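J.: I have a structure I would like to understand better, so I am pasting it below and will then ask my questions one at a time.
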Amino acid sequence: MDRNRWLVLPLILALAVGLGYAVLSLPERTDGLQKMVADKMEVSGVSNPVTAVLLNFRGYDTLLEMVVLLLALLGVWSLGGAALHREAAPGPVLDTLARLLVPVLILVAAYLLWVGAHAPGGAFQAGSVLGAAGVLLLLVGWRLRPGLTAWPLRLILVAGPGAFVIMAIFTLLIERQLLEYPPAQAGALILLLETAATLSIGVTLAALFLGERPQDKGSK
């Protein structure tokens, strides 16, 4: 075992040297793809360049990120077993805090989703806030009602990646490139994708916090 560790050490050092060289060799100033993005903003469907890149020009990157997040959850679920913590009564402070904050977090998530078309925000930011609301609910002992832990939960989890895959097939069928939307409908299609992605991201993050696969134990 010790010998194998020594064999891996040169590979790690070579990787570190290569990454260091790549970072140090970067030019001090470069325009990158800013001009190209700016020139295509009119057909992107949004006015925020970050959203245009993540949901239009390089939408396949966001698709892969959604798939990786889903695979992480499936990996956690594949470990099986029950959670190692014991559920306890949340107490009046945490319970009151959850009742006050969860509605606010949901509204903030909806705002970030909507504003992402023209200002900082978008699906991942909104999904993270929605996931925080889910974590807070889990901390106070809330669980899904019986019957919602089977296909309804799985449907929400795959809604984000599934929407991207369906959209990719749709854009290819209308003789466009992968995830290249018609300019007239680009804004509406991006909002549709981000809505599905927000729900999937939020539920996935909350499920990762829970750790175990949800069981039909009722809800609070």
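The values are calculated or read from the model by the stated rules, or taken from the named source; none is laboratory data. Bear in mind that the values here come from a model prediction, so they are computed numbers and not experimental data. Virtual Cβ from ideal backbone geometry, glycine too; neighbours counted across all protein chains shown.
J.: In a helix (DSSP H, G or I) and over 21 Å from Leu189 (Cβ atoms): does that describe Leu71?
T.: When the stated conditions are applied, Leu71 passes them.
For every residue, the table says whether it meets (1) charged (D, E, K, R); (2) closer than 21 Å to Ala159 by Cβ.
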residue	(1), (2)
Ala38	no, no
Glu42	yes, no
Asn48	no, no
Ala72	no, yes
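J.: If I filter the range 149-165 down to residues being crowded, with 19+ Cβ neighbours inside 10 Å and in contact (Cβ under 8 Å) with a residue 60 or more places away in the chain, which single residue comes out as farthest from Tyr181 (Cα to Cα)?
T.: Here the residue is Leu157.
J.: For the range 135-148, does any single residue satisfy the condition of being of a type outside the set (Ser, Thr, Tyr), closer than 22 Å to Val68 by Cα and either surrounded by 18 or more Cβ atoms within 10 Å (Cβ to Cβ) or out of contact with any strand residue (DSSP E or B) (no Cβ under 8 Å at 6 or more places or on another chain) (or both)?
T.: Yes; the residues of the range 135-148 include at least one that is of a type outside the set (Ser, Thr, Tyr), closer than 22 Å to Val68 by Cα and either surrounded by 18 or more Cβ atoms within 10 Å (Cβ to Cβ) or out of contact with any strand residue (DSSP E or B) (no Cβ under 8 Å at 6 or more places or on another chain) (or both).
J.: When only residues in the range 40-78 that are without any contact (Cβ under 8 Å) to a residue 40 or more places away in the chain and of a type in the set (A, V, I, L, M) count, which is surrounded by the most Cβ atoms within 10 Å (Cβ to Cβ)?
T.: Looking at residues that are without any contact (Cβ under 8 Å) to a residue 40 or more places away in the chain and of a type in the set (A, V, I, L, M), I get Ala52.
To keep it simple, each residue is scored yes or no on (1) in contact with an Asp or Glu (Cβ under 7 Å, 6 or more places away or on another chain); (2) farther than 30 Å from Glu42 by Cα; (3) among the hydroxyl-bearing types (Ser, Thr, Tyr); (4) at pLDDT 90 or above.
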site: Pro161; (1), (2), (3), (4): no, no, no, yes
site: Leu179; (1), (2), (3), (4): no, no, no, no
site: Pro182; (1), (2), (3), (4): no, no, no, no
site: Pro214; (1), (2), (3), (4): no, yes, no, no
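J.: Same structure, new question: Count, please, the residues in the range 22-39 that happen to be touching a residue at least 12 places away in the same chain (Cβ under 8 Å) and on the phi > 0 side of the Ramachandran plot.
T.: Of the residues in the range 22-39, 0 are touching a residue at least 12 places away in the same chain (Cβ under 8 Å) and on the phi > 0 side of the Ramachandran plot.
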